[in-house]
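Worksheet: one structure, shown below.
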Amino acid sequence: MSVTENLRPEKVFHYFGEICKIPHGSGNIDKLSDYLVDFAKERGLFHIQDAWKNVIIIKEAAPGYEEEEPVILQGHMDMVAVKKPEADIDMTKEGLRLLVEGDELYAQDTSLGGDDGIAVAYALALLDSDDIAHPRLEVIITVDEEVGMDGARRLDVSMLKGRRMLNLDSEEEGIILAGCAGGARVDWLLPVSRKEKEGKRYSLKIKGLSGGHSGAEIDKERGNANVLIGRLLYRLGKEMDFYLEQLEGGLADNAIPREACAVVLIQKEDGDLLENTAIKVEEELRGELQTKDPGIMVEATELEDNRSGCLSKEDTGRLVKLLLAAPNGVQAMSADMKGLVETSLNMGIVDLKEEKAMIQFSVRSSLESAKTALIEKLESLASMAGATQEVRGDYPGWAYKKDSPFRDMAVQIFCRMYGKEPEIQAIHAGLECGLLSAKIPGLECISIGPDMKDIHTTEERLSISSTERVWNYVLELLKQKK
């Protein structure tokens, strides 16, 4: 029996459970996209699956709502698929192992994908019901939102009639989002050469960090394992000559990396010095992060084989200096909205291949000019080190609208149901509302969702009770008439 079977609302959690049975990490969404198409076919609903696997499903208005304005419901089908290093699961082929603890639903040893599986589950529950009052529903489920919003960028929405959109990609009940930052992915590619060398090989690891979403948690100043491994390696280079053999860290450019590992080759007599350097750096980092990220550990382990194909001394130095010099984290706070990050970046992935090193960043800003300036800063750093830069997945921000009847209605309903006013916020994380607003003239958007925490990490949790309350809130929004 599925752990979601007895959770309420039943249809929402039924479909969430079905979604979790299908692997759907970014770039691996074909099966889930086809599942959505089959769902629509079985119910005789108009649907479109485009060449990129985006899906649109339309359900006509319930009786008595034929003259009401349509509502677009929007979310994305891909998740950030991360797992604990020791987890015995292939997330490209296997479904998630769901568990319940108190009021929280989570996945064993992996991320849960509540971002944004819950939007898909809400939409399917609505589309599968015959007893819910609603206007024409136009459901948009996009692909690969987590890796650059390419689905929303390519989506043809010309057949849609709606000019009111409910985005279901938020993670805090009681907050109605009305604006978000724009962003882009930036890749550095540094050519390297290798040569066989002999010496003593060590594995160096940064581990035990909290990680998190690079939009939602960037202001918490948690440790970034890729940045810190660069710091460790630079300090090591001041103590001795060493050569890099391996370097990897992070799983997604928009997730703050929790772990990073380097394999280095040193002179045989320098083993004790390396281990002492690692201890000193760990002490320093623990002191700096004792409140922000207290679990940090630095691990140095001698390896058996003493021959390896290492980078040259020059390439080792260039790569380490790039890691150390690259900006990371909050770059500016908003002057207009207290507590809102204006501009940031996250060094999400570092991966040393045979002939090149790759470093990937997620860049965000609510100011287009500031985003451009930060990307240009990265470009200048890359060029000085002999690396090239590629920019992909550039998406616009979602500008706050002073006047929005749809938002006003959502606020009034919230006040009536909850007995208090919701918070109206803009966020630093990216949403597809900006891209879709540019495609649909006059579109009014709001974004809501149930309580989730630690999204994009193996500690991700979804509140069961909040999921039900937000479901009831969505039903009230849909039943309102002019």
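Within region 420-457, being among the polar types (S, T, N, Q) and at pLDDT 95 or above holds for one residue alone: 447. Residues that are at pLDDT 95 or above, farther than 19 Å from residue 267 by Cα and in contact with a strand residue (DSSP E or B) (Cβ under 7 Å, 6 or more places away or on another chain) are absent from region 302-316 altogether.
Of all residues in region 99-113, those being open to solvent by less than 20 Å² (accessible area, probe 1.4 Å) and either outside any loop (DSSP other than H, G, I, E, B) or among the basic types (Lys, Arg) (or both) number 3. One residue stands out among those in region 395-406 that are surrounded by fewer than 18 Cβ atoms within 10 Å (Cβ to Cβ) and under 29 Å from the mean Cα position of the chain (by Cα): the one that is farthest from residue 151 (Cα to Cα), which is 402. Screening 220, 197 for residues that are closer than 19 Å to residue 344 by Cα and not small (Gly, Ala, Ser) leaves exactly one candidate, 220. Among the residues making up region 127-150, those that are touching a helix residue (DSSP H, G or I) at 6+ places or on another chain (Cβ under 7 Å), closer than 27 Å to residue 255 by Cβ and in a loop (DSSP other than H, G, I, E, B) are 143, 144, 149. The set of residues in region 375-423 being assigned to a loop (DSSP other than H, G, I, E, B) and under 18 Å from residue 172 (Cα atoms) consists of 419, 420, 421, 422. Taking the condition of being open to solvent by less than 40 Å² (accessible area, probe 1.4 Å), farther than 24 Å from residue 192 by Cβ and not in a strand (DSSP E or B), how many residues in region 288-317 meet it? Count: 4.
Has region 208-217 got any residue that is over 21 Å from the mean Cα position of the chain (by Cα) and open to solvent by less than 10 Å² (accessible area, probe 1.4 Å)?
From region 208-217, those over 21 Å from the mean Cα position of the chain (by Cα) are none; that's our starting set.
No - not one qualifying residue is present in region 208-217.
Step by step: first the residues of region 179-190, then only those that are at pLDDT 95 or above and more than 17 Å from the chain's Cα centre (by Cα), then the one that is surrounded by the fewest Cβ atoms within 10 Å (Cβ to Cβ). Which residue is that? The extreme case among them is 189. Every listed requirement among (1) in contact with a strand residue (DSSP E or B) (Cβ under 6 Å, 6 or more places away or on another chain); (2) of a type in the set (A, V, I, L, M, F, W, C); (3) open to solvent by 10 Å² or more (accessible area, probe 1.4 Å); (4) more than 16 Å from residue 116 (Cβ to Cβ) is met by residue 81 save one, (4).
Contact map, region 230-258: first residue over 18 Å from residue 352 (Cβ atoms) and at pLDDT 95 or above, second residue outside any helix (DSSP H, G or I) and open to solvent by 80 Å² or more (accessible area, probe 1.4 Å), Cβ cut-off under 8 Å, separation 6 or more or different chains; pairs are 240/267; 241/267.
Filter region 125-165 down to the residues that are among the acidic types (Asp, Glu) and over 17 Å from residue 67 (Cα atoms), then identify the one that is most open to solvent (accessible area, probe 1.4 Å). Filtering region 125-165 for residues that are among the acidic types (Asp, Glu) and over 17 Å from residue 67 (Cα atoms), the one most open to solvent (accessible area, probe 1.4 Å) comes out as 130.
Looking only at residues that are over 22 Å from residue 407 (Cβ atoms) and small (Gly, Ala, Ser) in region 463-477, which one is most open to solvent (accessible area, probe 1.4 Å)? Among residues in region 463-477 that are over 22 Å from residue 407 (Cβ atoms) and small (Gly, Ala, Ser), the one most open to solvent (accessible area, probe 1.4 Å) is 465. Determine if region 199-208 includes at least one residue that is of a type outside the set (Gly, Ala, Ser), assigned to a helix (DSSP H, G or I) and modelled with pLDDT of 95 or more. Checked region 199-208: no residue is of a type outside the set (Gly, Ala, Ser), assigned to a helix (DSSP H, G or I) and modelled with pLDDT of 95 or more. Of all residues in region 408-433, those satisfying the criterion of being crowded, with 19+ Cβ neighbours inside 10 Å and either free of Cβ contacts under 8 Å to residues at least 12 places away in the same chain or farther than 25 Å from residue 217 by Cα (or both) are 410, 414. Scanning region 439-462 for residues that are of a type in the set (S, T, N, Q), farther than 17 Å from residue 123 by Cα and crowded, with 20+ Cβ neighbours inside 10 Å turns up just one, 457. Condition first: modelled with pLDDT under 95, in contact with a Lys or Arg (Cβ under 6 Å, 6 or more places away or on another chain) and either part of a strand (DSSP E or B) or of a type outside the set (S, T, N, Q) (or both). Can you find one or more residues in region 331-339 that meet it? Within region 331-339 (the criterion being modelled with pLDDT under 95, in contact with a Lys or Arg (Cβ under 6 Å, 6 or more places away or on another chain) and either part of a strand (DSSP E or B) or of a type outside the set (S, T, N, Q) (or both)), the answer is no, since none of the residues qualifies.
Could you tell me which residue of region 340-374 is farthest from residue 177 (Cα to Cα), considering only residues that are part of a strand (DSSP E or B) and of a type in the set (S, T, N, Q)?
Taking region 340-374 first, the residues part of a strand (DSSP E or B) are 341-352, 356-365.
Of the ones still in play, those that are also of a type in the set (S, T, N, Q) are 343-344, 346, 360, 362, 365.
Values: 343: 18, 344: 19, 346: 23, 360: 28, 362: 21, 365: 16 Å.
My answer is 360.
For region 145-154, the condition holds for at least one residue, the condition being that it is in contact (Cβ under 8 Å) with a residue 24 or more places away in the chain, out of contact with any Lys or Arg (no Cβ under 7 Å at 6 or more places or on another chain) and closer than 30 Å to residue 482 by Cα. Selection within region 258-285: residues that are part of a strand (DSSP E or B) and of a type in the set (Gly, Ala, Ser). The member of this set that is nearest to the chain's Cα centre (by Cα) is 260.
One line per residue, one yes/no per condition, for (1) of a type in the set (A, V, I, L, M); (2) touching a residue at least 40 places away in the same chain (Cβ under 8 Å); (3) closer than 25 Å to residue 377 by Cα:
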{"site": "292", "(1), (2), (3)": "no, yes, no"}
{"site": "300", "(1), (2), (3)": "yes, yes, no"}
{"site": "312", "(1), (2), (3)": "no, yes, no"}
{"site": "318", "(1), (2), (3)": "no, yes, yes"}
{"site": "332", "(1), (2), (3)": "yes, no, yes"}
{"site": "347", "(1), (2), (3)": "yes, yes, yes"}
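Residues considered: 32, 96, 73. Of these, the only one that is touching a His at 6+ places or on another chain (Cβ under 8 Å) and crowded, with 18+ Cβ neighbours inside 10 Å is 32.
The values are calculated or read from the model by the stated rules, or taken from the named source; none is laboratory data. All of these numbers come straight from a predicted model, not from anything done at the bench. All Cβ positions, even for glycine, are placed from backbone atoms using ideal geometry, and neighbour counts span all protein chains on display. Just the protein is used for accessible areas: all its heavy atoms, side chains included, with ligands, DNA and RNA removed. Shrake-Rupley method; radii C 1.70, N 1.55, O 1.52, S 1.80 Å.
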